[in-house]
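Below is one structure, written out as structure tokens; comments come after it.
The values are calculated or read from the model by the stated rules, or taken from the named source; none is laboratory data. Quick caveat: nothing in here was measured; it's all calculated off a predicted structure. Cβ placement follows ideal geometry from the backbone for every residue including glycine, while neighbour counts extend to all protein chains displayed. The area values use the complete protein model at the heavy-atom level, side chains included, leaving out ligands, DNA and RNA. Shrake-Rupley method; radii C 1.70, N 1.55, O 1.52, S 1.80 Å.
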Amino acid sequence: MSSDPFTDIINEILQGLVTQLNGEIGPAIQGAGYDPYPKVAFGSASIGVGTASYSVTNLTGISSLQIQDMVVGNITASGANLSGTVNFHAVLNSSLSAQAGGDLHVLFIDPGISGSLRIDSPSISGTAQFQAGTTGGKLCLNQLSGMNANFNYGNASVWIDGLGPLNDLLQPVENLILDAAKGAISGLISSQINSIVSEELNRAMPQCVSFP
């Protein structure tokens, strides 16, 4: 327990908020069209032995996001107003999976390729800014803003097929697809999903408890 009563009370409010929010994040993500997420990444690049075009589609699992903890990092008091930072950590209770496909252009052959992508044990960590205040015998958490989320990939893998006995040539393509998917998923988390979580948090504001 902190020696600062404001920190203890805001942490208590945050814990209740997390419990409420975890029942709302998944449906909000699905309702916004991000699980399944149809178009994750696509492009083309040279892979040494030729060129490859690729696509990653139908990403599922992102709506399994659950916040594990959200706690005050630091706090500043100015009269009745309180502000500071919040640290949070979240996990995805399901693996992320997607379909991978494309074409490989090597010499005089242009085989199609297909397969899958899977990310196990992904997690998200980050910070946010909070505004709170005391009034009328209550301490109220009024706003959380400026959420900054970082995506941690856990165990990521790609499997593709399509060249028969020449499948060993596909390793550079697998690396290309994995890197593209990681970048796209990280961008999705830090923008659209981050925005959805922020909206759900602030829809529940203000959160007040008796004080002192």
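Is there a residue being touching a residue at least 40 places away in the same chain (Cβ under 8 Å) and under 30 Å from Leu139 (Cβ atoms) anywhere in segment 27-46? Yes; the residues of segment 27-46 include at least one that is touching a residue at least 40 places away in the same chain (Cβ under 8 Å) and under 30 Å from Leu139 (Cβ atoms). Within segment 159-212, if we keep just the residues that are in contact with a helix residue (DSSP H, G or I) (Cβ under 9 Å, 6 or more places away or on another chain) and at pLDDT below 85, the residue that is surrounded by the fewest Cβ atoms within 10 Å (Cβ to Cβ) turns out to be Pro212.
Does any residue of segment 21-39 turn out to be within 19 Å of Leu176 (Cβ to Cβ) and not acidic (Asp, Glu)? Scanning segment 21-39, I find at least one residue that is within 19 Å of Leu176 (Cβ to Cβ) and not acidic (Asp, Glu), so the answer is yes.
Residues that are modelled with pLDDT of 90 or more and either open to solvent by 60 Å² or more (accessible area, probe 1.4 Å) or of a type in the set (Asp, Glu) (or both) within segment 119-145 comprise Asp120, Ser121, Gln129, Gln131, Lys138, Asn142, Gln143, listed in sequence order.
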